[in-house]
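Just below is one structure, and these are the notes that go with it.
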Amino acid sequence: MSKDEIDRKLHSQTDDPAADIVHGAVEEFSVELAHVIRRHLRQKSWEGVRRIVIGGGFPDSDVGERVILQTGAMLHNEGLKVELARLCHEPDDGGLLGWLHLAPPQMLTGYDAFLAVDIGGTNVRCGIVKPRRARAADLSKARVLKREKWRHADEDPKQKDLLAGIVEMLERNIRRAKKKGLSLAPFIGIACPGLIREDGSIARGAQNLPGNWERDTFHLPSHVHNKIPTIDGRPTLVMLHNDAVVQGLSELPFMQDVRRWAVLTIGTGLGNASYRNRA
């Protein structure tokens, strides 16, 4: 069932057994999510976390919103001093906007925009990110000018087909930027599931993607760079980072009122990251 179908069952006023099943699933999922959060809060890396942003595709539905509210109420009744929040922008934009805080500073100045990709086990998102520093120095007014979303899981592509599709999305957005007269930075940020090594290779955790993304002979940034070696005549810099980390960083401008915060991304898989704001 699609998210829309499940949401319709949630709000069904008729004597529909499916509606009861959905309500039961909401209760069960809320209990499980509360358990996951309690376990994370016991980890040293999550010590002192006071706000958890729920990301991924999950909050983008009425069922997801209901689960977040019920889970928050459960934790509050237990006396846990932690707030659950949802992304301040479109869920599909989080894995793109987070690159504002990871890209080299020179890529955010002197250019109008840059390209970003968010690879998930079900969808790939690709967009043109405009920092709009003139409107807000903290990048809180940044936006995704154009975003494509490809539900690749429906097509069950092989790894080479998925990679080719990602390159095609990037090339289309390069043409769009040129048509709009945008000065595009020679930079591509890619968010991907898994543990990312310092050299940009994937150590583990990409099992929801087709093929073997963790093999020693595969390096995603290099693959993309070979396909798109330049942007507007300048050598392309391609960077890769964990998708939960990137999505969480998209919330950075809105988390300045807490010292420690974290993100849980719920989609095809479950991702997490915690952050500490510098004093």
Lys44 being without any contact (Cβ under 8 Å) to a residue 12 or more places away in the chain and out of contact with any Gly (no Cβ under 6 Å at 6 or more places or on another chain): yes
Output the residues belonging to region 34-59 that are over 19 Å from Ala73 (Cα atoms) and in contact with a strand residue (DSSP E or B) (Cβ under 7 Å, 6 or more places away or on another chain). Ser45, Trp46, Gly48, Gly56
Condition first: under 22 Å from the mean Cα position of the chain (by Cα), without any contact (Cβ under 8 Å) to a residue 60 or more places away in the chain and over 21 Å from Leu102 (Cβ atoms). Now tell me which residues in region 208-241 satisfy that. Pro210, Gly211, Asn212, Glu214
On the given criteria, is Gly72 among the small types (Gly, Ala, Ser), within 20 Å of Gly269 (Cβ to Cβ) and in contact (Cβ under 8 Å) with a residue 12 or more places away in the chain? no
Has region 255-274 got at least one residue that is crowded, with 20+ Cβ neighbours inside 10 Å, part of a loop (DSSP other than H, G, I, E, B), in the same structural domain as Val53 (by TED's automatic domain parsing) and not basic (Lys, Arg)? yes
Within the bounds of region 144-154, is there any residue that is touching a residue at least 60 places away in the same chain (Cβ under 8 Å) and in a loop (DSSP other than H, G, I, E, B)? no
From Gln70, Gln106, which residue is polar (S, T, N, Q) and under 24 Å from Ile37 (Cβ atoms)? Gln70
Residue in region 166-188 that is within 27 Å of Pro105 (Cβ to Cβ) and in contact with a Pro (Cβ under 7 Å, 6 or more places away or on another chain) present: yes
Any chance region 51-73 includes a residue that's part of a helix (DSSP H, G or I), surrounded by 13 or more Cβ atoms within 10 Å (Cβ to Cβ) and polar (S, T, N, Q)? yes
Counting just the residues of region 37-50 that are surrounded by fewer than 18 Cβ atoms within 10 Å (Cβ to Cβ) and in a loop (DSSP other than H, G, I, E, B), which one comes out nearest to the chain's Cα centre (by Cα)? Arg50
Please indicate, with yes or no, whether at least one residue in region 22-36 is polar (S, T, N, Q), assigned to a loop (DSSP other than H, G, I, E, B) and touching a residue at least 24 places away in the same chain (Cβ under 8 Å). no
May I ask you to verify whether Pro186 is part of a strand (DSSP E or B) and not hydrophobic (A, V, I, L, M, F, W, C)? yes
Residues in region 99-114: is at least one within 29 Å of Leu209 (Cα to Cα), among the hydrophobic types (A, V, I, L, M, F, W, C) and part of a strand (DSSP E or B)? yes
Test of understanding: among Glu198, Glu214, which residue is touching a Gly at 6+ places or on another chain (Cβ under 9 Å), among the acidic types (Asp, Glu), more than 25 Å from Lys130 (Cα to Cα) and surrounded by fewer than 22 Cβ atoms within 10 Å (Cβ to Cβ)? Glu214
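The values are calculated or read from the model by the stated rules, or taken from the named source; none is laboratory data. Keep in mind the model is a prediction, meaning the values are calculated, not measured. A quick note on method: Cβ atoms are made from the backbone with ideal geometry, for glycine too, and the neighbour counts reach across all protein chains shown.
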